[in-house]
Each structure stands twice: as structure tokens, then as C-alpha cells.
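The values are calculated or read from the model by the stated rules, or taken from the named source; none is laboratory data. Please read all numbers here as calculations on a predicted model, not as lab measurements. Every residue, glycine among them, receives a Cβ derived from its backbone with ideal geometry; neighbour counts consider all protein chains shown.
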Amino acid sequence: MKNFLKIGQGVDVIPLVLAIKHQSALWDSENIRKTYAEDSPHREVSDILLRFSDPSSKEIGDELVCENTEAMRALPQARELVFSLMARVQGVMLGRVMITRLAPGGRIYPHADIRGRYANTYKRFHIVLQSEPGCIFKAGDEQVYMRPGDVWDFNAHAVHEVVNGSANDRIHLIVDIKTE
């Protein structure tokens with residue numbers, strides 16, 4: 001596979017999953033991924049932004065510096081996952097960190113993350129927190145079902161989309177890391 005590379009499995013995501021369930025007010029406190037464009041490919045997701053650049057910036061696609069949010073402080077269980085991944089891939093700079101949820105029947109529409117300095121500086125990784133068969137992640141001519149506890153290196157420059165054909169939410173921890 002050229003767009004997906006599984007780099008880990010069996011990661012203990014339960015502490016973070018439980019913490020998220022107990023702090024449901026964190027969802028959608030910031031909706032930049034839904035609203036940055038009228039036809040945003042992420043218009044059907046809910047997000048918890050743990051680390052992000054200034055959402056009010058008119059040049060958000062070029063903002064390389066990200067800062068922890070209140071949600072990162074509220075979900076310290078994410079830190080262990082993020083920094084273990086950072087060490088595993090020998091990251092030199094941490095970018096955006098987001099928890100994203102796609103409801104049953106929901107979709108992330110086809111798009112490629114290619115615009116701006118940000119997309120060309122960071123690599124995107126997915127840590128699967130919750131997912132069931134029927135949730136399909138497509139990129140180019142490939143598609144995968146990502147199991148909970150899996151860690152994936154993902155080519156976000158490829159045209160990609162997600163369809164949640166399962167009966168439950170798909171929840172991923174997305175971590176952007178600059179590597180050398």
C-alpha cells in the first residue's frame with residue numbers, strides 16, 4: 001500500500017476513550033474544520049482540538065506553530081499516546097492534534113491536504129480509538145478498515161475520504177508530526 005502504512009497495533013486507547021465519554025462537552029467547542037469553507041469535506045465530523053494553530057488566522061494553511069488547547073489539559077490521557085508516537089517516528093516538531101468523530105452514516109468527503117505550508121511540512125498519523133467493520137477509509141485506489149488500537153502513517157496528500165457504514169461512531173486521534 002502506498003497511502004496507508006500500519007506502524008502499530010494493540011495500543012491501549014481505553015483510558016482516552018473513557019475520558020472522552022466523561023467529557024462530552026469538549027466536542028465542537030471549535031468548529032474550524034467544519035466551517036473554514038462552505039463545502040468543507042469535514043462538514044459532518046465533530047472535533048475536539050487538542051493542539052491547533054490560531055483558528056481565526058486568515059492564513060491557517062500556512063501556520064506551522066500550534067499550541068495546546070484547554071481540551072489537551074482536560075484529556076491528559078492523550079498526551080501519552082501523542083508523545084509515544086512522536087518518539088516512535090522520531091518527530092522533531094508537533095503540529096495539530098485532534099480527536100475526530102464521524103457518526104454512523106456520516107462521511108468525510110473526497111479531498112487532498114495539499115494547500116499551504118502546513119500540509120507540506122507535517123506527516124499525518126491516525127490512532128484509532130473506536131471503529132467497527134463497515135467504516136472504510138479510502139485514499140487513491142486503496143481502502144482500509146482501521147481497528148481500534150491501530151496506528152497508521154497516512155498520506156494525506158492523496159485524495160481521500162471516509163464513509164462510516166457501521167452502527168457506531170468512528171473516533172480517531174489525528175496527530176501531525178514533522179519528521180526529518
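So which of Arg101, Arg43 ends up being within 14 Å of Ile174 (Cα to Cα), among the basic types (Lys, Arg) and in contact with a Lys or Arg (Cβ under 8 Å, 6 or more places away or on another chain)? Give the steps one after another, and end with the answer.
Numbers: Arg43 fails: within 14 Å of Ile174 (Cα to Cα).
After applying the criteria, what remains is Arg101.
When the residues of region 32-59 are filtered to those that are among the charged types (D, E, K, R) and touching a Phe, Trp or Tyr at 6+ places or on another chain (Cβ under 9 Å), which remaining residue is modelled with the highest pLDDT?
The extreme case among them is Asp47.
Any residue in region 20-44 that's free of Cβ contacts under 8 Å to residues at least 40 places away in the same chain: show its pairings with residues that are assigned to a helix (DSSP H, G or I) and β-branched (Val, Ile, Thr) at Cβ separation under 9 Å, as long as the two are six or more apart or on different chains.
Taking only residues 6 or more apart or on different chains, the pairs are Ile32/Ile60; Tyr36/Ile60.
For Glu30, work out the one condition from (1) closer than 29 Å to Gly140 by Cα; (2) of a type in the set (Asp, Glu); (3) touching a Ser or Thr at 6+ places or on another chain (Cβ under 9 Å); (4) part of a loop (DSSP other than H, G, I, E, B) it doesn't fulfil.
Going through the list (1) closer than 29 Å to Gly140 by Cα; (2) of a type in the set (Asp, Glu); (3) touching a Ser or Thr at 6+ places or on another chain (Cβ under 9 Å); (4) part of a loop (DSSP other than H, G, I, E, B), Glu30 breaks only (1).
How many residues are surrounded by 19 or more Cβ atoms within 10 Å (Cβ to Cβ) and either assigned to a loop (DSSP other than H, G, I, E, B) or free of Cβ contacts under 8 Å to residues at least 60 places away in the same chain (or both) when one looks only at region 156-165?
Going through region 156-165 one residue at a time, the tally reaches 1.
Yes or no, residue by residue, for (1) part of a strand (DSSP E or B); (2) modelled with pLDDT of 95 or more; (3) within 16 Å of Asp150 (Cα to Cα):
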| residue | (1), (2), (3) |
| --- | --- |
| Leu5 | yes, yes, yes |
| Ala19 | no, yes, no |
| Val82 | no, yes, yes |
| Ile108 | yes, yes, no |
